[in-house]
Amino acid sequence: MDRHFNFRASLHGLYTLVLVVFCFHRMTGNLNSMGRIRVGFLSSPGSSSVQTPPDCTGLNQHEGFESQCEFLIAYPQCNSDVFFNYLNFFYCSCQTHASVGYIVLVIWLAALFYLLGNTAADYFCCSLEKLSNLLRLPPTLAGVTLLPLGNGAPDVFASIAAFAGTDNGDVGLSSILGGAIFVTCVVVGTISICVADQFVSIDKKCFVRDVLVLMLAVVSLAVILLVGNVSIAGAIVFVSIYVVYTTLVAANEFFRQRIGGLKVETSVPLLAVTQTDGPENGDLESENMSSTESDDVPHLIESKVPHWMWSSNVAIYSEVHGHGSEDGTDPLWGWKDDESVHESKDSSFSCAKLYSWLELPLTLPRRLTIPIIEEERWSKGYAVASVTFAPLLLGFLWNTQHDGSQSQLAIVLIYLAAAVLGCVLGGVSFICTRPDQPPQKWLLPWVLGGFFMSIIWFYMIANELVSLLVAFGLIFGINPSILGLTVLAWGNSMGDLMSNVALAVHGGEGVQIAMSGCYAGPMFNTLAGLGICMLIGSWSNRPESYTMSGDIGLFFNIGFLLFSLLWSLVMLPRNGMRPNKSHGIGLMVIYVMFLGTRLGMSIGSGSLDNAT
């Protein structure tokens, strides 16, 4: 276990080192060191956050310029309006050490993927679960609303960040579709191959229902892309497909429980796909929970939602119990009032302590701006700090977005208002909270604050991620949509692959849950994720409709996704709803064909090599 901890802590230290490099480059950079900082997710209708101007297609050739760095100086619009300037770092700061630039950018890409997943696991999912308990949502309703949002948050917000840029909607579309194809082919195929010898059957009615709804969502998206534009009403109708699905699933589970005389506490309610009746359900739930929980999974006390439902983010990305819990020490940044318990531990220097300090820059900014009221993670110092600094962060983002359209007086007034609001909230929280336990009253404002600030951090991280992918596209001469289809989709789907396969290998009810999640996740990401993107785009362009991409490659993506769904819809009933190797191998072949076709199309069109 110590080796596992040291490995993860070493990665955190490496991520932090790269972050320090970028921060130093930002302060002493060659370009725009005193320029504007803009965060794309707050962009106005006429602006873009992460964009690739047409002039940048000649970056690698840099005709008329001695180097790419001089090209960037002449065309400053090539630099994306996010916090770090990746093109300038690679071509100017690493001009004579390209290998160093490659290594740093790749490490930072991994760090951004980690930060997305970790923000979902340690902040966003916790707020969602608390919100579910406060609203007294039945487990089934939470399973079709809040749970997919928690597990699909990295995909959804990365897609929204891509749509915030006027030239990068293809990245968002490709990411969602690429992730859906990866999960329905690779993840489902892996599960089928791994459980082929178990002869486990999954529920036919629920499987057919979920697959048909996903197919309806994909066909509806194809119609919208074929039309070429979408209005506000069209985006609302697209999202409403998921609303109708959610309502029907919740109603079906409610009536099933009423008719069968089941109690909510004894059901296994993930999207109402497990049709298991009888008193043994509680034991099955406990068995599944114990099989998927690890030392890294935070214990969600008194939750109506089974812990394993959060597995695709919590089990893979959570660090709640990864900081010092294994050697008996508390986090160095825990701000505990009673420090005498570990005084002897803190007096000695250790590698674990060093690693903990190294990861501070990754953890501290989020901890100081996202309110958390979990029993295990409660800290009055952090609670007061989070409600104090959160308004300041929002004021900073607002001012940096509107720095060209606001007077100096307006900027000062916004900062002053944010500081006053933060001090008031911080003072109230300092007076009304106790150091030994989280607040017991007025929980909803705390939970909503954590929910909202988690979303803010999602947007910030996702913007950097999309900007970095666009920079990679320019550096390697690759269409950014191809990177969204592969790198972005793979990165955001790793949690699904690891957690669903691990759950299915355990056997029994785990196979049912894992297979259901492989279709429920892409369904939510497609309907809710892309639907929200369309709604944001159409609302920004009102009264005109929002123009959708007409890239022929997107129709190939949709075609292969429908092909994989049809393959499962035919093969599983044919095999008595038992996943087997022929089903899994067929899905793997479909995915290989898909990748080969898309890469071949890109090479044929020259989008993989701008120099040709």
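The values are calculated or read from the model by the stated rules, or taken from the named source; none is laboratory data. All figures in this text were calculated on a predicted structure; none of them were measured in a lab. With ideal geometry, Cβ positions are generated from the backbone for all residues, glycine too; neighbour counts draw on all protein chains shown. Areas reflect the complete protein model, heavy atoms only, side chains present, ligands, DNA and RNA absent. Shrake-Rupley method; radii C 1.70, N 1.55, O 1.52, S 1.80 Å.
Summary table below
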| quantity | calculated |
| --- | --- |
| LYS130 accessible area, 1.4 Å probe, all protein chains in place, Å² to nearest 10 | 70 Å² |
| Solvent-accessible surface ranking, highest first, for ARG574, ARG256, ARG26, ARG542 at 1.4 angstrom | ARG574, ARG542, ARG26, ARG256 |
| Cβ-derived FRET efficiency at R0 45 Å, ILE103 paired with TRP442, nearest 0.05 | 0.40 |
| Sites GLN77 and LEU364 - FRET efficiency at Förster radius 41 Å, r taken between beta-carbons, to 0.05 | 0.75 |
| Amide H contacts of ASN229 (H built 1.01 Å from N, under 5 Å, at least 5 apart or other chain) | MET548 |
| Euclidean distance of C-alpha centroids, the range 402-469 and the range 496-519, integer Å | 37 Å |
| Distance between modelled label sites at THR400 and TRP490, nm, 7 Å Cα→Cβ extension | 3.0 nm |
| CYS92 accessible area, assembled protein chains, probe 1.4 Å, Å² | 20 Å² |
| Of LYS130/LYS204; LYS205/LYS581; LYS130/LYS581, those spanning more than 30 Å from alpha-carbon to alpha-carbon | LYS130/LYS204; LYS130/LYS581 |
| Protein-only accessible surface order, largest first, of VAL244, VAL230 at 1.4 Å | VAL244, VAL230 |
| Using a Förster distance of 35 Å, the FRET efficiency for GLU66-VAL412 (Cβ separation, nearest 0.05) | 0.25 |
| Ranked order, TRP108, TRP490 - accessible area, probe 1.4 Å, largest first | TRP490, TRP108 |
| Radius 10 Å from Cβ of CYS518, net charge of other residues (Lys, Arg +1; Asp, Glu -1) | -2 |
| Length added when fully stretched, PHE430-ASN575, from 0.36 nm per residue minus Cα-Cα | 46.0 nm |
| Nearest-10 value in Å² for the accessible area of ASP197, using the 1.4 Å probe | 120 Å² |
